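Engineer: Okay, handing you the structure first.
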Amino acid sequence: MPLTAGDGRATRTPRAAVRVAPLACAFFVLAAIGPAGAADVTVTVHAVNGKPVGDVAVVLEGGTPGPVRHRERVSARMEQHNRHFVPELLVVETGTLVEFPNNDSVSHQVYSFSPAKRFQLSLYRGTAHPPIEFATAGLVVLGCNIHDEMVGYILVTPSPYHGQTDPSGTVRIAGVPPGSYRVRIWSPRLADAPPALERRIEVTDGDTPQVGFSLAKALLAAPTPRPGRSEWDAY
Amino acid sequence: MRGAGPCLLGALLVCGIARADDRLQLDGLIDLRLVHTDAQPSYLYGGLGTVRFDDDHDGLRLGRASLALRTRLSETVTATAVVDAYDDGDINGAGVSEAFVQWRPFPSNSVRWQLKAGAFYLPVSLEHRLLGWSSPYTLSASAVNTWVGEEFRVLGAELEARWLGGAHGYRGDIALVGGVYGWDEGAGAVIAQRGWALTDRPSFVFGELGQARPGLYYQFDSHPGAYGGISWRHHERLEVRVLHYDNRADPAASNLDGDAGWNTRFNALGARWEPLDRLTFASQYLDGRTAVGPNGSPYQLLMNLSAWYGLASLEFSRDRVSVRYDRFATRQVSGFYGAPADEAGHALTAALIHRLTEQWELAAEWLRVESQFPPRAALGIPVASTDTQIQLALRYRFRFEPF
């Protein structure tokens, strides 16, 4: 399965992409090959001003019970750079292992108290901790206990059909079997109410569904890392 | 108690070194100044000047030599000590500026607690964002924060409860902060005697300021001082701080050394707004009073104090340009010994800071303070005076991490 989530952000965060772990260390979930008529679902997201919105998580949920697609255990990285989480939002499938490498010269103490995953990483620089498994679906909000302004998100979904929009506001989710799905989008930038952020679609044999979201509310401001301020604001 | 600062510092060092698995960070700063000023005699040399240097004390000067030690005693406990030296002929030319232990446990819900104990600055200034309580904007602090650095060092404990918005979709946080402290009965003496000033010369822990003064940090009543405030940070763009301070000193108390209880309280309000990555606006307002002598007595010296500033700063690739306007006043309500020591003044500061390398920095600052202060007449100085000070600073910063 081509995990398109990494493609869009490649220019900004070359090392912060979801990647399939080497076969040697992957383990396999009991799986079957999807039906031959699997479709590619394209989702686009546009802001109220008509501009495309990148880095939006897109998840296809539901589907027709039956064939389960083949899945590999994947790993992902949530880096820290210039006192920010990079990427700010990561979408992973349940069971994904996530690394938290710190690229800053200052130490971080990453934590989450979200119900989907509570954890604390003791003070570190570089890649001091083994990856953490995200086994429960839900939104995990990350913080750093040294730098309160650092907030990151890991959206954990049981669905293998997910991705993130690229800078053109588009993501193509490949190999979706026929069935009825709920398409959900989410990003910390989106101000629209949740009902406006989901659609129902029917995927039929040989179809190439396209789903477009046009947001009604202006995007919330994105945090902008400011290099050179690694030691600011201790008072 | 005068040796408490160095003792605490020593203890921190020993603790830091004893735990070899913790990091010890040493951050040093050497700040050399070329100063030109026609200012009236500085407070540090027995005068009533409004700026740090004066006509007889300019030329090549040591702006500051500083060493900050930070170590981690456990996963959530850090210790910080800052020692400074100023070559300005003051009784206390070198000493400890800060020495405190901070405990910040991981949050288990949206409220994160933090406890600080030791000697540290009041959480008032929105200018002093850098290690060692230094400002990225100007060399000389505003009138408000000069006073905060001179007369207020918390010698006690501070508790903070911060609501973290991240888990609720809000990019920001709000904190309630409160502190209790002792050795605070001297706070108010300097402002009452000299009025407002704009310097980068804070006092030391248990130190003195100016020549032949009683110490600033003493205690002879049983009333600990207290402060409480709110800090709100919004989207990394806006920070608002409000603080009420009351040292709860008995104004009727005095000791055999001639130290009196200065009953000082104030409200401070400030905001810093960064609408663009390179643009900063900041403003703070402080309004308070200090009193010495029995309450109700016509001999009680009661002085109202107020000051504010507005600052704008623009950052280029290696340069930062900042302009600040200060306005300040004192009004003596009672306790006249001659003319009331009412002060009124304003100041304009313009600064350029140029980063040469990661470690070297050049800074230039022009500061002009115009003020009226009747007590100057006794020193043969015009009541209405203008102090102009031009400084060129060469700063070198270094870091050493032995472990």
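Engineer: Report the label-to-label distance for B:LEU356 and B:ILE230 in nanometres (one decimal), using points 7 Å from each Cα along the Cα→Cβ vector.
Structural biologist: Taking the simple label geometry, B:LEU356 and B:ILE230 are separated by 4.6 nm.
Engineer: Output the relative contact order of segment B:184-287, whole-number percent, from Cα pairs under 8 angstrom with separation of 6+ residues. Spell out each step's value before the answer.
Structural biologist: Numbers: 190 pairs, mean separation 25.2, N = 104.
It rounds to 24 percent for segment B:184-287.
Engineer: Also, I was wondering about something else. Can you return the lysines within cross-link range of A:LYS51? Criterion is Cα-Cα under 18 Å, with same-chain partners fewer than 8 residues away left out.
Structural biologist: The reachable lysines, counting only those whose Cα sits under 18 Å from A:LYS51, are A:LYS217.
Engineer: Which distance in nm do the two modelled labels at A:THR127 and B:SER222 give, with both placed 7 Å along the Cα-to-Cβ direction?
Structural biologist: Between A:THR127 and B:SER222, the label points sit 6.2 nm apart.
Engineer: Given the convex hull over the Cα atoms of segment B:347-403, what projected area results after averaging over all orientations, in nm²? It would help to have the intermediate numbers written out before the result.
Structural biologist: Working: hull surface 26.2 nm².
Over every viewing direction, the Cα hull of segment B:347-403 projects on average to 6.6 nm².
Engineer: Still on this structure, I have one more. For an R0 of 30 angstrom, estimate the FRET efficiency from the Cβ-Cβ distance between A:ALA196 and B:ARG278 and round to the nearest 0.05.
Structural biologist: Values: r = 35 Å, r/R0 = 1.17.
The formula returns an efficiency of 0.30 here.
Engineer: Let me ask another. Tell me, what is the Rg over Rh of chain B, with Rh the Kirkwood radius over Cα pairs?
Structural biologist: Values: Rg = 20.8 Å, Rh = 21.9 Å.
Expressed as Rg/Rh, it is 0.95.
Engineer: Moving to a separate point now. Let me know the volume per residue of the alpha-carbon convex hull for segment B:82-224, in Å³. Walk me through the intermediate numbers first.
Structural biologist: Details: hull volume 17.9 nm³, N = 143.
With only Cα atoms used, segment B:82-224 gives 125 Å³ per residue.
Engineer: Moving on. Across 5 Å bins from 0, what is the distribution of all Cα-Cα pair distances for segment A:162-235, in whole percents?
Structural biologist: Final binned percentages: 3, 11, 19, 20, 13, 10, 8, 6, 4, 3, 2, 1, 0.
Engineer: Follow-up question, since we're still on this one. For segment B:34-156, treating each Cα as an identical point scatterer without solvent, what Debye log10 I(q)/I(0) comes out at q = 0.09, 0.11, 0.13 1/Å?
Structural biologist: With no solvent term, the Cα-only Debye profile gives -0.33, -0.47, -0.63.
Engineer: To the nearest µm²/s, what D does Stokes-Einstein give for the protein assembly as shown at 20 °C and 1.002 mPa s, using the Kirkwood radius over alpha carbon pairs as Rh?
Structural biologist: On the way: Rh = 27.4 Å.
D, rounded to a whole number, is 78 µm²/s.
All of the numbers you see were taken from the coordinates with simple rules; none came from a lab. As the structure is a computational prediction, the values presented were derived from the model and not from experiment. Neighbour counts run over all protein chains shown; Cβ positions are idealised from the backbone, glycine included.
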